[in-house]
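Here the structure comes first, spelled out in C-alpha cells, and everything after it is commentary.
Each value in this text was obtained by applying a stated rule to the coordinates, not by laboratory testing. Note that the structure is predicted; figures quoted are calculated from it, not measured.
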Amino acid sequence: MNFILKIIISAVAVFIIASYLPGVTVDDYVAALKVAVVLAFLNAIVKPILTVLTIPITIFTLGFFLLAINAFMIIFAEKLVQGFHVKDFWWALLFSLILSILTGILNALFGVNKKSED
C-alpha cells in the first residue's frame with residue numbers, strides 16, 4: 001500500500017511540475033502516472049547500475065555527476081512514456097531536482113515514510 005501511495009504522490013508531483021515548467025509537458029494524469037511508474041522502475045534497476053559504473057567520475061566531480069544521472073533517468077523516461085516530453089538535458093536536470101524536493105515534501109505531509117507502530 002505504501003508503494004502505491006508513493007507512486008500516486010510522485011505522479012501528482014510530475015503533473016504539478018510539468019504545469020509550471022515550460023520545458024516539460026505531460027499530456028494528462030495517466031501519462032503522469034506512467035512517468036511515476038517508469039521512474040520508480042528506472043531508479044530501482046538502472047540507476048544503481050549507472051551509479052556503480054560511474055564511480056570514478058562521480059568522485060572526481062564530488063558527487064555532482066549524480067545529478068546528471070538523474071537527468072538521464074528523466075530523459076530515458078521521456079523516451080519510454082508517450083505524452084511526456086522534456087525539451088533538453090537542462091530542463092530534465094531542473095525537473096529532476098524539483099521532483100525530488102516536491103516528492104520529499106509531499107511524502108512527509110502524507111506521512112508515507114513514517115514507520116507504523118504495530
Gaussian network model of the chain, Cα within-10 Å springs - most flexible of 95, 64, 41: 64
- prompt: Per residue of the chain, what 222 nm ellipticity follows from adding -39500 (n - 2.57) for every DSSP H run with n ≥ 4, rounded to the nearest 500?
  reply: -25000 deg cm²/dmol
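Send over the semi-axes of the chain's equivalent ellipsoid, whole angstrom and largest first, taken as the square roots of 5 times the C-alpha gyration tensor eigenvalues. Display every interim value, and only then the final one.
Values: eigenvalues 102, 79, 33 Å².
Value: 23, 20, 13 Å, ordered largest first.
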task: Choose one answer from 24, 46, 81: the residue with the largest mean-square fluctuation in a GNM of the chain with alpha-carbon springs under 10 Å.
output: 46
22 Å Cα-Cα reach of residue 87 towards lysines, excluding residues that sit fewer than 8 places from it in its own chain: 34, 47, 79
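Which whole-number percent gives the relative contact order of the chain, counting Cα pairs below 8 Å spaced six or more residues apart? Intermediate results must be reported in sequence, preceding the final value.
Values: 121 pairs, mean separation 39.8, N = 118.
The normalised contact order for the chain reaches 34 percent.
Between rounded, prolate and oblate, where does the range 20-72 land on the alpha carbon gyration tensor, with a ≥ b ≥ c its root eigenvalues, rounded for a/c under 1.5, else prolate if a/b exceeds b/c? Before the final figure, lay out the partial values.
Numbers: a/c = 5.09, a/b = 1.85, b/c = 2.75.
Since a/c reaches 1.5 but b/c is at least a/b, the shape of the range 20-72 is classed as oblate.
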- prompt: Hey, in the GNM for the chain with a 10 angstrom Cα cutoff, which one of 65, 84, 15 fluctuates hardest?
  reply: 65
statement: Going residue by residue through the range 95-112, the Karplus relation 6.51 cos²θ - 1.76 cosθ + 1.60 with θ = phi - 60° gives ³J(HN,Hα) values, rounded to whole Hz and with x marking Gly or Pro, of 4, 5, 5, 5, 4, 4, 5, 5, 5, x, 5, 5, 4, 5, 5, 8, x, 5
